[in-house]
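Before any comments, here is the structure.
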Amino acid sequence: MRLILLFLVANLFAAPPRTPPPVAIEVKTIKANVIAEVQTYLGSIESVNSATLALERAGVVSHVFAKDNSYIAVGAPILQINSKLIAADLESAAAKLKLAKTEQARLQKLYLSKAVSASSYDQVVNNSKVAQASYMLLKAQMAQTILRAPFSGHIGFIKMHVGEFVNVGAEIAKINDLKHLKVEL
């Protein structure tokens, strides 16, 4: 009996149940309209960005990075041709460039102290510029060995496989940006 009495007293002093705060509701009237005329147009839907992908260099395919019929992000590698010869030439050009810069710095000190003629110093500066240009050329050629996605999109069937020879400009795949479409009437 005491327990029941304590329970009843405790419930009398308990906090009332909480109610959620009121919610604001916005009401708008909608009018129904009927389109009286139906028009038919002949057209097609195309992606805004669409490209046929090809390499700027010829060579044997060494890697295929992308998968057929998949989404690919901008700049992602799709395919690479063999670049071992260019890599070796690039390493050699880097060493020649380092040597040319060292020689230029050494002769610059001698030229400023008038221990070397102007023509000798000019020759070394020119050699350094030639070495820099050779290095940059090989670096650009190395970049041409990898085909990258020009924009994000859906890549279709990749027509080249590892071991195949790719000619300059040969179609490798098509890419379409299916997120941005246009209607051609």
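The values are calculated or read from the model by the stated rules, or taken from the named source; none is laboratory data. What you see is a predicted model, and the numbers here were worked out from it, not measured in a lab. Quick reminder, even Gly has a Cβ in these numbers, built from the backbone with ideal geometry, and neighbours come from all protein chains shown. Heads up: the accessible areas ignore ligands, DNA and RNA and are worked out on the full protein's heavy atoms, side chains in. Shrake-Rupley method; radii C 1.70, N 1.55, O 1.52, S 1.80 Å.
Exactly one residue out of ALA105, ALA100, ALA93 is assigned to a helix (DSSP H, G or I), open to solvent by less than 80 Å² (accessible area, probe 1.4 Å) and under 30 Å from ASN167 (Cα atoms): that is ALA93. Only one of LYS159, LYS179 is open to solvent by 50 Å² or more (accessible area, probe 1.4 Å), among the charged types (D, E, K, R), part of a loop (DSSP other than H, G, I, E, B) and under 17 Å from ASN49 (Cα atoms); which? When all the criteria are applied, what remains is LYS179. Each residue in region 33-58 was checked for being more than 30 Å from ALA170 (Cβ to Cβ), open to solvent by 100 Å² or more (accessible area, probe 1.4 Å) and of a type outside the set (Phe, Trp, Tyr), and 9 pass. For region 68-87, a residue qualifies if it is without any contact (Cβ under 8 Å) to a residue 60 or more places away in the chain and open to solvent by 60 Å² or more (accessible area, probe 1.4 Å), and the qualifying residues are LYS84, LEU85.
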